[in-house]
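The values are calculated or read from the model by the stated rules, or taken from the named source; none is laboratory data. Keep in mind it's a predicted model, so treat the numbers as computed, not measured. Here Cβ is always computed from backbone atoms with ideal geometry, including for glycine, and neighbour counts include all displayed protein chains. We work out accessible area using only protein heavy atoms, side chains counted, and drop any ligands, DNA or RNA first. Shrake-Rupley method; radii C 1.70, N 1.55, O 1.52, S 1.80 Å.
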Amino acid sequence: MKKLFILFSGMVMLFACTSQDKTNSAEIKLNKNNIDEIVNALTLDEKASLLIGTGMKSMMGKSHPAVGSTQLGVNGAAGTTVAIPRLGIPFVVLADGPAGLRISPTRKNDENTYYCTAFPVGTLLASTWDTALVESVGATTGNEMLEYGVDVILGPGMNIQRNPLCGRNFEYFSEDPYLTGTIASAMVNGIQSNGVGTSVKHFALNNQETNRNFNDARVSERAMREIYLKGYEIVVKDAQPWTVMSSYNKINGTYAAHNHWLLTEVLRDDWGFEGLVMTDWFGGRDAVAQVTAGNDLQEPGRKSQKKAIIKGVENGTLSIKDVNTSVKRVLELVVKSPGFNGYKHNNKPDLKTHAAVARQAATEGMILLENNGALPFSIEIKNIALFGTTSYDFISGGMGSGDVNEEYTVSLAEGIANAGYTVNESVKSDYDKYYEDNGGVPKKPKNALFSMINSERLGEFIPSEEQLASAVSSSDAAIITIGRNTTEGKDHAEKDDFLLTNAEQAMIKSVCNEYHNAGKQVVVVLNIGGVIETTSWKNLPDAVLLAWQAGQEGGNSVADILKGNVNPSGKLPMTFPVALSDHASTVNFPTEGASISLLAITGIKKDKKPDKYVRNIDYTEYEEGIYVGYRHFDKKGLKVSYPFGYGLSYTTFAFSDANVERSGGMWIATVNVTNTGKVAGKEVVELYVSAPESDIDKPNRELKAFTKTKTIAQGESQTLTMTFTDYDLASFHPDKSEWITDAGTYQALFGASVENILQTVPFELMK
Ligand code: BGC
């Protein structure tokens, strides 16, 4: 009986659509004001086509969960929507990714090249703590999209860096949701100022790559709201990204792409998101459940999904109202796209100017971790010995869909030479030989799929006594580069990824010993995408510069800092712990560095046998709740290697006259920053707030605002203003399931890091 009813109601709906189709199929063409009319004019078949992409050309004859490679529209873009020419609906081009546009650099039978700028990775951008700068990187990226004919970029990536081992941390911003959301908003605003769109991703809780397509993130609503969703809430409210990408994983048992609570109740009803939700590539398992949940577009699109949508409407399991709503959102995206609005892209963005933006952004996000006065290099330093294979093969960014096809990457050796130093020939020839013996400096894999699989780097060799003796006598100082790369689809392992390898440890020890014995200095440069162990070796060299993966101009940016042309002003967007196990999340994180590829296959089987769950692979318990990153270390009083928000400068700063007052329903915090050192520089002010006693447990302090000075000269001061609201001070009450701002006395802590609070101001929040 029930079945009959569903069938019957399905037929009525089908009849309703086809009859509408007939009445409206005249000669109308899509424009900004007739979207409803177009929805009525589309057949069910066309509607279903619009809700899935055009599919992905397979590299192996069948679909696979890899990065895209469409030939439609823009070669090498990740995907497109479907065009319906009879109603004047063009397709929209979607391309990766978070560190710059990812398209094919060359095309068949075409002499032109289509290189894109490799900007610094997301983690470095967050380390600038400079929203104006990030916005300018966004604006530059958006210009490349516009000129190459790309409508939506699949980024920024903004998952929380829950644990140092997540293989995609380089694409993400921070362990803190406020910093994440604020930097993401700047990026989105910058990109979208060009009239092109973004897709903030991966919504939500895709915090590990191991078995990412099947893993179930089991997490409390409070931890979600305060930590894992907060950044998205900020970006939706502050920047209205055109689209959001739902993640692969499950959340408390339901795939993100099937999750009505997440995609409709929270994202749209609570936060007011106005755009479209698309799946991650091949994400989600049930096309009907996805449309019902509010996941409008299924990418890259499969025939089976289209069939399922049509069948769902016909048999009444999918409401035509939901289909129409999603179709409308696709059309709203189409009418915003530059091509639809008559923009003729020139395929000639100004890559030279964009490289300069990348270079400057990179210098602003590099973090000076240690310095006993060795940096900036004195003018006596002329010949520099470069140790570590990565010095000659600098890493511009991580691999996978977040990788960019840039024209070049400036290595450290090239950057040092460009800055006027001599790269020590004796050491360089040792490394040339080592590379030669090991197959040469590896080229970037051209194929996106291989780029995802192969992130391994050549291991280090320990220089012999003779090699070191010749290096020390023929150079004025040494730089050792430690490199780490990772790729989407794989997490780091604790051993040899988080921890330094034995060869790296031995290299640092012997180079430092020999140079120090000769009264010469050693600097370690970290060309890495995420957190590594530093406590055991950080006091051996004279200085440590965290260069991150700094984009295609990386070597030049490092040289700018080493030489003192730029005074470092980056601050850590996450904690560097003493041990990996110090993170509360580590007991519930895969620490073996497993990859998705094999696990995904076993995952498919397990998916059908939910009784055989495996901890941290099939499911991950977020037992630490809200105690992620500094919230945990601070609460437990744990010693860390470098605290959240930490970073040195070539000058010193003092904070004074801090104040907090209420005005126009906002809290206005001000503080005066004075440059008390000897060179000009910039300082970040981090505003943490401690809450009063509450009926729920709260972190000791949480970041609620931040800002950065302009370049201030020696002796000069600048007064900085930051604002926040009562709502920003709220916690998500687990029993009442709502945001509650407690009344009472709060402390505003003005810090240069989470541990280095320089001014404290109490303020009273009345009921
Ligand atoms: C990644 C996404 C990416 C998409 C398209 C997926 O494998 O998870 O971040 O945007 O591929 O390339």
Sorted by packing (mean other beta-carbon atoms within 10 Å per residue), highest first, where do 310-316, 272-278, 758-764 land?
272-278, 310-316, 758-764
Put Thr81, Thr501 in order of accessible area, largest first, probe 1.4 Å, and you get Thr501, Thr81
What does a probe at Glu738 reach in the stretch 680-700, counting residues whose amide N is under 17 Å from the point 7 Å along Cα→Cβ?
695-696
Looking only at the chain, where both bridge partners belong to it, what percent of the DSSP beta bridges are antiparallel (to the nearest 5)?
60
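Sort 338-347, 153-162 by packing, meaning the average of other beta carbons within 10 Å per residue, with the highest value first. Each step should come with its number before you reach the end.
Details: 338-347: 13.6, 153-162: 29.3.
Put in order of decreasing packing, that is 153-162, 338-347.
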Could you work out what % of the accessible surface of the stretch 606-675 is carbon and sulfur, using a 1.4 angstrom probe and leaving DNA, RNA and ligands out of the count?
51
For the stretch 317-356, the Cα-Cα pair-distance distribution in 5 Å bins from 0, as whole percents, is 6, 18, 12, 13, 12, 12, 9, 7, 6, 4, 2
Rounded to whole Hz and in sequence order, give me ³J(HN,Hα) for the stretch 637-648 from the Karplus expression 6.51 cos²θ - 1.76 cosθ + 1.60, θ = phi - 60°, writing x for Gly and Pro.
x, 7, 6, 10, 7, 9, x, 3, x, 7, x, 8
What aspartates and glutamates sit close enough to Lys321 to cross-link, taking a C-alpha to C-alpha distance under 20 Å and skipping anything fewer than 8 places away on the same chain?
Asp21, Asp36, Glu37, Asp45, Glu46, Glu265, Asp269, Glu274, Asp286, Asp296, Glu332
Straight-line reach only, C-alpha to C-alpha below 17 angstrom: list the aspartates and glutamates that Lys344 could link to, leaving out same-chain residues fewer than 8 apart.
Glu144, Glu147, Asp151
Suppose accessible area is computed on protein heavy atoms with a 1.4 Å probe; arrange Tyr115, Tyr148, Tyr408 from highest to lowest.
Tyr408, Tyr115, Tyr148
Determine the relative contact order of the chain: mean sequence separation of Cα pairs under 8 Å and six or more apart, normalised by residue count, in whole percent.
14
What list of ³J(HN,Hα) couplings, whole Hz, do you get for the stretch 254-263 from phi and the Karplus terms 6.51, -1.76, 1.60, once you set θ to phi - 60° and write x for glycine and proline?
10, 4, 3, 6, 9, 9, 4, 4, 6, 7
Would you work out what percent of the accessible area of the stretch 354-574, with all protein chains in place, is carbon or sulfur (probe 1.4 Å)?
49
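Taking all protein chains in place and a 1.4 Å probe, what share, in percent, of the accessible surface of the stretch 118-178 do carbon and sulfur account for? Let's see the in-between values first.
On the way: 320 of 640 Å².
Of the solvent-accessible surface of the stretch 118-178, carbon and sulfur hold 50 percent.
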Can you compute the FRET efficiency between Lys636 and Asn539 using 1/(1 + (r/R0)^6), with r the Cβ-Cβ distance and R0 = 30 Å? Round to the nearest 0.05.
0.80
State the Kirkwood hydrodynamic radius of the stretch 2-336 in Å, one decimal place, computed from all pairs of distinct Cα atoms.
20.2
Cross-link pairs Lys636/Lys708; Lys201/Lys250; Lys47/Lys306; Lys237/Lys682; Lys250/Lys736; Lys635/Lys698 - those with Cα-Cα distance over 20 Å
Lys636/Lys708; Lys237/Lys682; Lys250/Lys736
Quick check: the distance between the Cα centres of the stretch 706-767 and the stretch 497-549, to the nearest angstrom?
35
Interchain or long-range residues, amide H under 5 Å from Ile103's placed H:
Asn405
In the chain, whole DSSP H helices that both stretch 30 Å or further along their axis by alpha carbon positions and average at least -1.0 on the Kyte-Doolittle scale are 2-24
Per-residue HN-Hα couplings for the stretch 619-625, Karplus 6.51 cos²θ - 1.76 cosθ + 1.60 at θ = phi - 60°, whole Hz, x for Gly and Pro?
8, 9, 8, 8, 5, 6, x
Based on the Cα coordinates of the stretch 354-574, what is the per residue volume of their convex hull in Å³?
120
Going by amide H atoms built from the backbone, whose H comes under 5 Å of the H on Phe576, apart from near neighbours?
Ser641, Tyr642, Phe644
At a Förster radius of 22 Å, what calculated FRET efficiency corresponds to the Cβ-Cβ distance of Asn112 and Glu407, to the nearest 0.05?
0.95
Residues in the stretch 349-380 reached by a label modelled at Lys678 [backbone nitrogen below 13 Å; 7 Å Cα→Cβ]:
373-379
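Of the listed peptides 181-190, 670-679, what is their order by residue-averaged count of other C-beta atoms within 10 Å, with the highest listed first? Spell out each step's value before the answer.
Numbers: 181-190: 27.0, 670-679: 17.9.
Result, highest mean first: 181-190, 670-679.
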Solvent exposure of the chain as accessible area per residue, Å², 1.4 Å probe
37
Restricting things to alpha carbons, tell me how big the chain is in terms of Rg and Dmax, in Å.
26.5, 91
Just to verify a number: FRET efficiency for Ser656 and Tyr613, C-beta to C-beta distance, R0 = 41 Å, to 0.05?
0.15
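Excluding Asn33 itself, calculate the net charge of residues whose Cβ lies under 15 Å from the Cβ of Asn33, where each Lys or Arg counts +1 and each Asp or Glu counts -1.
For residues surrounding Asn33, the net value is +1.
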Rounded to the nearest 500, what is the 222 nm mean residue ellipticity of the chain from helices alone, with -39500 (n - 2.57) per DSSP H run of 4+ residues and division by all residues?
-9000 deg cm²/dmol
Residues with amide H under 5 Å of Glu370's amide H, sequence separation 5 or more or different chain, H placed in the peptide plane at 1.01 Å from N; which?
Val544
What figure, in Å² to the nearest 10, do you get for the accessible area of Trp129 with a 1.4 Å probe and non-protein molecules left out?
0
